[in-house]
1. Under a Cβ-Cβ cut-off of 13 Å, what is the net charge of the residues other than LEU116 that fall near it, where Lys and Arg count +1 and Asp and Glu count -1?
2. In straight Cα distance, which aspartates and glutamates are under 15 Å from LYS131, not counting same-chain residues fewer than 8 positions off?
3. Let me make sure I get this right: for segment 2-142, a, b and c are the square roots of the gyration tensor eigenvalues over alpha carbons, sorted descending. Under 1.5 in a/c it's rounded, otherwise prolate if a/b > b/c, else oblate. Which is it?
4. Around LYS228, with a cut-off of 13 angstrom between Cβ atoms, what is the net charge of the other residues, counting Lys and Arg +1 and Asp and Glu -1?
5. Considering only the other residues whose Cβ falls under 13 Å of the Cβ of GLY218, what net charge follows from Lys and Arg at +1 and Asp and Glu at -1?
6. In segment 153-188, which residues have a backbone nitrogen under 19 Å from the label point lying 7 Å from TYR31's Cα in the Cα-to-Cβ direction?
7. Tell me the label-point distance for the pair LEU171, ASN129, using the 7 Å Cα-to-Cβ offset, in nm and rounded to one decimal.
8. Taking 0.36 nm per residue of separation and subtracting the Cα-Cα distance, what length does fully extending LYS72 through GLN163 add?
Amino acid sequence: MLKKVCKLARVAGSAIMDIYSSQENFIKISYKLNNTPITNADYISNNIITTGLTSFFPNIPILSEEQKHHLKNYKSWNIYWLIDPLDGTKEFLKKNGEFTVNISLIQKGIPILGVLYAPFFDILYFSFNKKAWKETSKGCERIYVAQSDVPLLITSRSHIDDQLEYYLSTLKNYKIKKLGSSLKFGYIAEGTAQIYPRFGSTYIWDTAAGHAIVIASGGKMQALNGRKLDYLLSSQSSLINPGFFATS
């Protein structure tokens, strides 16, 4: 299962890079109701992933960012695929390379498999059975979180708010790096960074794959109130996450 999902992420990432590397007028941009951008790369990646998952695993339903969402229709799902075919569309449009393909498998509200692929950097993070790996052109290796006396804190490149500014004011010794998309989860999982605080809203497809990888590498992922993030659709009133911390 894991190999098939990783391959799908790579194929989708390759299609995204074809558009990313093309002339500017080949990138088609529109805007959702919440005023966030969506491109033809989002749609093409979504089609590759959903078609592949349906072919490989026809009995497992799919919830993707790029579809119409009717929460009441998902209430009976105990297992499902949760995907963000292009996480970091703003970074994609800025041409800074910080975007990912996110695929996760949710069972009874828990992300049990996670795949994050950053096609610009050709970095693949993936997890299953409580183990996490990172694959690059240099090879594949198990990854683990790491502690530091001066922790590296990573924040969103596109989302800064007053709560984050206040949180930073309470800290003393730390370093900080801004980074786009779900790459932040990969940095936590591989031990490069120690804290990813998120006070603003995210959707469940933004976090599930990274959540799985952080937990499998020995890290923690919890809401600001200390509770675990829950992906059980029968208990959800919306598809929006609370604020959270991903930590080593």
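Every number here is computed from the coordinates shown, using simple stated rules; none is lab data. Everything numeric here is computed off the predicted structure, so don't read it as measured data. When we count neighbours, we look across all protein chains shown, and the Cβ atoms used for this are built from the backbone with ideal geometry, even at glycine.
1. Here the charged neighbours net out to -4.
2. Excluding near neighbours in sequence, the set is GLU141, GLU190.
3. oblate
4. Value of the local net charge: +2.
5. +3
6. So the set is 158-160.
7. Each label point lies 7 Å from its Cα, and together they span 3.6 nm.
8. This chain segment gains 29.6 nm when fully extended.
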